[in-house]
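The values are calculated or read from the model by the stated rules, or taken from the named source; none is laboratory data. What you see is a predicted model; the values in this text were computed from it and never measured. Positions of Cβ are backbone-derived with ideal geometry, glycine not excepted, and every protein chain shown enters the neighbour counts. The protein model used for the area step is the full one, side chains on, heavy atoms only, and it has no ligands, DNA or RNA in it. Shrake-Rupley method; radii C 1.70, N 1.55, O 1.52, S 1.80 Å.
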Amino acid sequence: MSTKSPKLLPYGNANFKSVRTEKNYVYVDKTRFIELLENESNDSKIFIRPRRFGKSLFISMLSYYYDVNYADEFEQLFGDLYIGKNPTPLKNSYAVMGFNFSGIDTSGIDRFRNSFTGNIRQSVNGFLTSHKNLFTNIEQIINQINHGEQFIFESLGLAFNAAKSAGLKIFVIIDEYDHFANDLIAMGSELGDDFYCDVVRVNGIVRDFYEKLKIASGDGIIGQTFITGISPVMLDDLTSGYNIATNYTIKKKYNEMLGFTSDEVKLIMNAVGIEESQIEVDMERYYNGYLFNPKAENKIYNSSMIFYFFEQILEDEDLPVNLIDPNLSIDSKRLRRLCQNEKNRDILLQIIKDGGIVSRLLEKFSIDNLVDDDYFVSLLFYMGLLTINGLCDGKTQLTIPNYSIQRIYWEQVRFLISENSKLIRIDTSLLEKSIKSIAINGNINNFISYISKNVLSKISNYDLQNFDEKYIKAILLTYLILDDNYIPISESEVDSGRVDIFLQRNPKYSQAKYEWVLELKYCKTASKKSVVDQ
C-alpha cells in the first residue's frame, strides 16, 4: 500500500463543490471539455450518455464554473485544474437555471401535468432565490409566482424578464430531460397510446416548455443551454419546438468527456492507495469497453462501476463478493416492454447469438420508431447495452461492452425472451449442481444433460430448422453466466484463433479446480451417424 495520505472515492456524490472541497475526495479533471464546449459555434447543446456515467457531476461542474454567484470561489474550486489555469472568457458570467426531470409522476396525464409544472415552478423559485441579490423586486416576483393565478410558463417568463432587466444572461442546464419518456416506454399502453403525444408533441406541455426556451434564446435572454439524458428518444418529437440545439453525443472529441480512460483509472488507483497486486480480476473485461465514436482512440470505463469496485476493495481490503455494482441494474419492466415486439425479440436474439450487430446509428428518433430495427438498436446503444466496435460497409458495428453489462442486462433480456416464447423453465438447484460438477469434479456430462432435457428438447422442430452452433452457444452462455464459479467468455482469443466459450475461473470462487474451453459443432440428424462413428 502507498505510504502517502490516500484520497477518498466520491462514490454516489454528484456535487462538484462537495467533491472539490470536502473530505479529500479524488477528482478526475474533466474541465478541459468546458473549453471545447464553449468554443462550439452553437450555444444550445445536447449530450447523452448511459446511466451512472457521471452526467450529474459534470453538469454540477458547469454550474459552479459559469454561475456568477461562485466567482469568489473560482480559485478554490478550479485553481489547480486545467480550466483554472486556462479560464475561458465566459467563466462566472451567467445566472444558472437548472432543471432535473427525474421523478416526474407518469401515473396519469393530469398527475403528469401537475408534476411537470410543479417541477418547473420549483426550479424557477430556486433560480430566483439563489440570485436574489442580483434582481430588484425579487420578493414580489417570487410571491407572484407562488400565489398568482398565471400559468406556469408565465412564471418562467417572469424569471426571464427579471434577468433581462438586471442585464443578466441565463445558462439553462437540464438533467434527465428524457426520464419521463423512458418511464412511458416502460409503461407502454397502460396509460393509453395518446399519453405521449398529448404531453410531448404539438401543443403538449413539454413541447411548450422547450418552445419558451427557444424564444428566450432568440431574444438573447438565455445565453447557453446544456441538455443531458440517457437517450435521444424525444429529440425528433421536439424538433419543431426546439430546433436550435446540436447533438454532440457521438462527436469524436467528446468520447472521453464522461467515464474514465485506462490512464485515468490508474490515476485514481494511485490517489486512493490501491496497488495493482490487489486487482485480481481483469478490470478491462469487467468494466471497460465503451466507445462513442468509431474513430476515437480510447475505450471508456463506466465511472460508477470503477468507483463501486474500488470502494469495496478499500473497505474490505479484498475483492468484493459481488464484482458488479447492484445499482446499475436496469428497470426490468422497461426491458419487458422492449421485448414485447416480435421484431425486437428477434434482434435481441441475434445480438445474443452473434455478440453484436451491424446497424445504422441514429442521433434522434421518436418513441413511435422503436419497433423499427435501426431505431431499436440505436436505443440499446444509448442505454449502454451496446457500444461501438467499428464501421462495416458504411454502418456501425455494435457489440456488448463488457462482462458487467452482459451479466446485469443481457441475462435479463434472455429470460424475457424465454418468458415470451414459453420455452424454458429453470430448476436452479439442478443447474447449480451441474455447473459445480464442472468446476469441482471436471464432469461436464450433468450440465449437458440438463441443457438437453430442460432447454433443447423444448424447442420446436420449426425453430430447429434455423438453428446453428451460434444459437447453441447463446443458450449455454445464458445458463453458465448465472453461476459465480466461472466467468464465461465468448469468442475468447487464443494463439491459434478464437474459442467458442472459455470458462475462466472466477478469482472470488477459488473452489473451482478446472477451467474449460468449449468448442461447439451443430450437427443435424442426417450427420448423426458420422459423428457417432468418430
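When the inverse distances between all different Cα atoms of segment 256-306 are averaged and flipped, the Kirkwood radius reads 11.5 angstrom. Computed with a 1.4 Å probe over protein heavy atoms only, the accessible area of residue 70 comes to about 60 Å².
Across the chain, Cα pairs under 8 Å and at least six residues apart give a relative contact order of 14 percent. Note on residue 299: aspartates and glutamates with a C-alpha under 18 Å away, same-chain residues under 8 apart excluded, are 29, 256, 263, 264, 282, 284. Calculated FRET efficiency, residue 153 to residue 197, Cβ-Cβ distance, R0 = 35 Å: about 0.95 to the nearest 0.05.
Starting from the eigenvalues of the Cα gyration tensor, five times each then square-rooted, give me the equivalent ellipsoid semi-axes of segment 80-166, largest first, whole Å. Let's see the in-between values first.
On the way: eigenvalues 167, 79, 16 Å².
Each semi-axis is the square root of five times an eigenvalue, giving 29, 20, 9 Å.
Which one, 15, 74, 404, is farthest towards the positive end of the dipole of the chain when Lys and Arg carry +1 and Asp and Glu -1 on their Cβ? Farthest along the dipole direction, towards plus: 404. Counting Lys and Arg as +1 and Asp and Glu as -1 over every other residue whose Cβ lies under 13 Å from the Cβ of residue 503, the net charge comes to -1. Once every Cα of the chain carries one equal point scatterer and solvent is ignored, give the base-10 log of I(q)/I(0) from the Debye formula at q = 0.11 Å⁻¹, two decimals. For the chain, the Cα-only Debye profile gives -1.06. For segment 287-397, the convex hull spanned by the alpha carbon atoms encloses 129 Å³ per residue.
Using equal-weight Cα scatterers in the Debye expression, the normalised intensity of segment 39-111 in log10 at q = 0.19 Å⁻¹ is -0.94. Summed over the residues of the chain and divided among them, the accessible surface reaches 46 Å² per residue at a probe radius of 1.4 Å.
Normalised size of segment 17-153, defined as Cα radius of gyration per 2.2 N^0.38 Å with N residues, equals 1.23. What is the log10 of I(q)/I(0) for segment 1-84, computed with the Debye formula using one identical point scatterer on each Cα and no solvent, at q = 0.11, 0.16, 0.22, 0.26 Å⁻¹? Log10 of I(q)/I(0), two decimals: -0.34, -0.70, -1.20, -1.47.
Shape analysis of segment 1-50 based on the Cα gyration tensor places the equivalent ellipsoid semi-axes at 30, 13, 10 Å, largest first. Each Cα pair of segment 236-338 feeds into the Kirkwood radius, which the Stokes-Einstein equation turns, at 20 °C and 1.002 mPa s, into a diffusion coefficient of 133 µm²/s. I want the local charge near residue 218. Using Cβ-Cβ distances under 15 Å, sum +1 for each Lys or Arg and -1 for each Asp or Glu among the other residues. With Lys, Arg at +1 and Asp, Glu at -1, the net is +1.
How do 197, 523 stack up against each other in accessible area, from largest to smallest, with a 1.4 angstrom probe?
Values: 197 45, 523 65 Å².
I get 523, 197, largest accessible area first.
Estimated purely from DSSP H runs of n ≥ 4, each contributing -39500 (n - 2.57), the mean residue ellipticity at 222 nm for the chain is -12000 deg cm²/dmol once divided by its residues. Rg then Dmax, both in Å and based on the Cα atoms of segment 136-282: 21.2, 65. Cβ-Cβ distance of residue 496 and residue 318, R₀ of 25 Å, FRET efficiency by 1/(1 + (r/R0)^6): the value works out to about 0.10.
What FRET efficiency, computed as 1/(1 + (r/R0)^6) with R0 = 30 Å and r the Cβ-Cβ distance, is obtained for residue 85 and residue 275, rounded to the nearest 0.05?
Approximately 0.45, to the nearest 0.05.
Among the listed pairs 343/453; 55/395; 85/364; 91/395; 45/473; 436/521, a Cα-Cα separation exceeding 31 Å is found for 85/364; 91/395; 45/473. For the peptides 291-297, 23-29, residues were scored by their other Cβ atoms within 10 Å and the scores averaged per peptide; the highest-first order is 291-297, 23-29.
Quick one: pull the percent of accessible area on segment 217-350 belonging to carbon and sulfur, 1.4 Å probe, ligands and nucleic acids left out. The C+S portion of the solvent-accessible surface of segment 217-350 is 40 percent.
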